[in-house]
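Working notes, structure below.
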Amino acid sequence: MPILVFISPLLGSELTLAFPPFQMVAMILSVVIINYIGADGICNWLEGVQLVAVYIIIAIAFYFI
């Protein structure tokens, strides 16, 4: 991410590390979910499908907000 901040003026747009609250909540939520699912050290296909479903829900929310 810091590299993108330094490269962004060269590409004609400015990227800062000041994220809106929705993006911060989505990022924290995804980290918490990954930590919860991966805490036992065993992963099966159902947990993978659940992670993909959560990421799709977050992507849809970003699209409509």
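The residues on offer are Leu4, Leu15, and the sole one that is among the hydrophobic types (A, V, I, L, M, F, W, C) and surrounded by 12 or more Cβ atoms within 10 Å (Cβ to Cβ) is Leu15. Among the residues making up segment 53-64, those that are farther than 15 Å from Gln23 by Cβ and open to solvent by less than 80 Å² (accessible area, probe 1.4 Å) are Ala53, Val54. Condition (residue is of a type in the set (S, T, N, Q), touching a helix residue (DSSP H, G or I) at 6+ places or on another chain (Cβ under 7 Å) and on the phi < 0 side of the Ramachandran plot) applied to segment 36-47: is it met by at least one residue? No; the residues of segment 36-47 include none that is of a type in the set (S, T, N, Q), touching a helix residue (DSSP H, G or I) at 6+ places or on another chain (Cβ under 7 Å) and on the phi < 0 side of the Ramachandran plot.
The values are calculated or read from the model by the stated rules, or taken from the named source; none is laboratory data. Quantities reported herein were computed from a predicted structural model and do not represent experimental measurements. Cβ coordinates were reconstructed from backbone atoms using ideal geometry, including for glycine residues, and neighbour counts include every protein chain displayed. SASA here: full protein model, heavy atoms, side chains in, ligands and nucleic acids out. Shrake-Rupley method; radii C 1.70, N 1.55, O 1.52, S 1.80 Å.
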